[in-house]
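The values are calculated or read from the model by the stated rules, or taken from the named source; none is laboratory data. Model, not experiment: these values are computed from the prediction. Neighbour counts are summed over all protein chains in view; Cβ atoms, including those assigned to glycine, are modelled from backbone coordinates with ideal geometry. When the accessible area is computed, the model is the full protein with side chains, heavy atoms only, and any ligands, DNA or RNA have been set aside. Shrake-Rupley method; radii C 1.70, N 1.55, O 1.52, S 1.80 Å.
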Amino acid sequence: KVEPIVPEELWNECEAILQSQQRTRKKPSKRTMHLFAGLIYCGCGKRMYVPSNSDKYSCFPCRNRIAAGDMEQIFFEKLKGFFLSPNEVKRYLDGATSMRAQGEGTLTRLKDELQAVNAQLDGLFSLYQQGTIPSDGFKARYDPLYCRQHALDRQISEAEASLDILNVESLSADHILVEGRSLADRWPHLTSEDKRRIAEDLVEDITVGKEEVTIN
């Protein structure tokens with residue numbers, strides 16, 4: 001046994017394409033971008049694909065399958081259930097508010113710590129200038145504080161950026177409900193490209209188990 005050169009999922013997908021080509025004796029065509037390509041996983045954790053000769057998302061090792069049309073319908077019902085439910089929207093907004101509060105708390109804590117580190121550095125440098133601390137002792141105390149100062153600067157920048165994103169993405173419940181109803185009404189008439197963009201924006205991942213489908 002040796003370490004595989006390519007992932008098993010990719011090997012299985014290519015094998016399915018080759019077998020299909022051998023049966024049809026056609027040249028490879030432009031690959032279709034399916035609605036949930038790259039977003040859908042089997043309950044075993046492996047990514048699911050739609051072979052060129054099939055209309056089903058498949059996990060080759062598990063033989064777990066779901067029809068692409070069924071998956072879209074499940075997604076559409078989930079979409080309507082979320083956007084048209086005030087309780088679901090409230091739960092989402094409460095979570096977003098909690099995340100912003102946590103982000104603000106983290107940012108405050110980091111800034112307080114940076115202020116304390118800066119004060120220690122100033123005090124240490126003052127003692128060094130007065131000749132109270134020898135060079136060796138100064139360096140041993142200064143270097144850790146200096147490194148921590150730079151680490152805090154970086155963490156503060158990252159925390160501020162994350163908080164900015166949360167603030168930009170914050171929406172009112174009324175806005176979400178209005179936009180959600182519009183999206184639910186328009187979904188059946190959207191192009192494949194538009195549906196794909198929406199799926200990429202809204203979906204973290206989809207897990208297809210033996211008995212249920214979970215959409216995050």
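Observations
- The chain: angle of helix 8-24 to the longest principal axis, Cα-based, in degrees nearest 10: 20
- In this structure residue 74 has an accessible area near 70 Å², from a 1.4 Å probe over the protein heavy atoms.
- Lysine pairs within the stretch 32-165, Cα separation less than 26 Å, 8 or more sequence positions apart or different chains: 7
- Principal-axis analysis of the Cα atoms of the chain puts helix 135-169 at an angle of about 40° to the longest axis.
- Rounded to whole Hz, the Karplus (6.51, -1.76, 1.60) HN-Hα couplings of the stretch 88-101, x for glycine and proline: 5, 5, 4, 4, 5, 5, 4, x, 5, 5, 5, 5, 5, 4
- Dipole-positive endmost among 167, 133, 192 within the chain (Cβ charges, Cα centre): 192
- Using a probe radius of 1.4 angstrom, the carbon and sulfur fraction of the accessible surface of the stretch 103-147 is 54%.
- Across the chain, the relative contact order, built from alpha-carbon pairs under 8 Å that are at least six residues apart, equals 27 percent.
- If you wrap the Cα atoms of the chain in a convex hull and average its projected area over all directions, you get 20.4 nm².
- Taking GluC sites (Glu not before Pro) in DSSP loop states with no more than 15 other Cβ atoms inside 10 Å as exposed sites, the chain has its longest site-free stretch at 1-203.
- Degrees, to the nearest 10: 192-202 long Cα axis against longest axis of the chain: 40
- Considering only beta bridges that DSSP places wholly inside the chain, some 75 percent are antiparallel.
- Using the 1.4 Å probe convention, the accessible area of the chain works out to 69 Å² per residue with neighbouring protein chains retained.
- The stretch 62-138 - convex hull of the alpha-carbon atoms, volume per residue in Å³: 179
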